[in-house]
Amino acid sequence: DGRELWRTPREDVPTWSTPTIHDLGDRKIVLVNGWKHAGAYHARTGKAVWRLTGQGDIPVPTPFVVDGLVFLSQAHGPGSPVYVVKADAKGNVSHTGSSRANEQVVWSLERGGSYIPTPIVYDRVLYVGRDNGVLTAFRAKTGEQLYQQRLGAGSRGFSASLVAADGKVYVTSEGGDVYVVKAGEAFELLATNSLGEVAMATPAIADGTIFFRTRSRLAAVRDTAAPR
């Protein structure tokens with residue numbers, strides 16, 4: 001009926017990141033990225049559950065959860081951190097001193113995060129695509145870097161988030177080039193396909209079809225020989 005259920009103030013600045021709802025089984029939490037602090041809130045009451053400081057400013061990537069781990073990334077300002085936090089964490093989970101992990105933060109990096117595109121975990125590998133076209137792959141549970149590779153000539157920006165399916169990771173540039181990378185621990189570029197014009201939106205995948213939205217068109221691509 002439109003009634004406000006709760007409102008929780010945050011000591012932060014406006015961000016571009018979309019909140020994420022995660023079901024812990026006994027309760028649901030709202031995950032938010034932030035400059036001064038990221039964290040989780042009880043979805044029913046708005047009460048703070050955990051808090052993480054030490055982020056980069058003006059975060060854009062959306063938090064996401066895989067196998068009970070929350071992945072957070074930023075890359076605007078002096079740092080470009082990646083944080084991997086237990087979804088059921090509680091309290092202040094910020095690490096101190098030279099430590100990059102604690103009981104609640106499984107692993108983290110000072111540099112290597114993404115400014116605009118939201119990273120993705122696919123088949124136990126974390127893929128971080130930066131706005132300058134650099135793609136980095138990590139073991140999702142440990143943070144071990146597997147490879148780092150630039151896509152394209154470095155003259156195009158990247159705003160669309162990464163998507164993956166059928167053993168492939170799709171990285172779309174603002175210029176409309178779609179880089180198809182083989183999923184796995186070693187880099188292999190399978191194809192580069194042009195959409196023909198500017199593409200800023202994240203592709204969507206459903207029922208064996210990948211959808212691309214460009215400046216003036218919507219395109220759907222699938223294997224016509226494959227069963228629907």
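Worth pointing out:
- Separation of region 140-179 and region 59-98, taken as the distance between their Cα centroids, equals 20 angstrom.
- Sum of side-chain charges, T15 neighbourhood, beta-carbon under 14 Å (Lys, Arg +1; Asp, Glu -1): -1
- For the chain, the carbon plus sulfur part of the accessible surface works out to 49%, probe radius 1.4 Å.
- Highest-first arrangement of 120-127, 62-69, 152-159, where packing means the average Cβ count within 10 Å: 120-127, 62-69, 152-159
- Gain on full stretching of the segment that runs from V13 to R27 - 0.36 nm per residue minus C-alpha separation: 2.3 nm
- Under 17 Å from K90, Cα to Cα: aspartates and glutamates that are on another chain or at least 8 residues apart: D23, D26, E103
- For region 139-228: accessible area per residue (Å², 1.4 Å): 59
- For the chain, a Kirkwood radius taken over Cα pairs fed into Stokes-Einstein (25 °C, viscosity 0.890 mPa s) yields D = 133 µm²/s.
The values are calculated or read from the model by the stated rules, or taken from the named source; none is laboratory data. This is a predicted model, so every value here is computed, not measured. Neighbour counts run over all protein chains shown; Cβ positions are idealised from the backbone, glycine included. Side chains included, ligands, DNA and RNA excluded: accessible areas come from the protein's heavy atoms. Shrake-Rupley method; radii C 1.70, N 1.55, O 1.52, S 1.80 Å.
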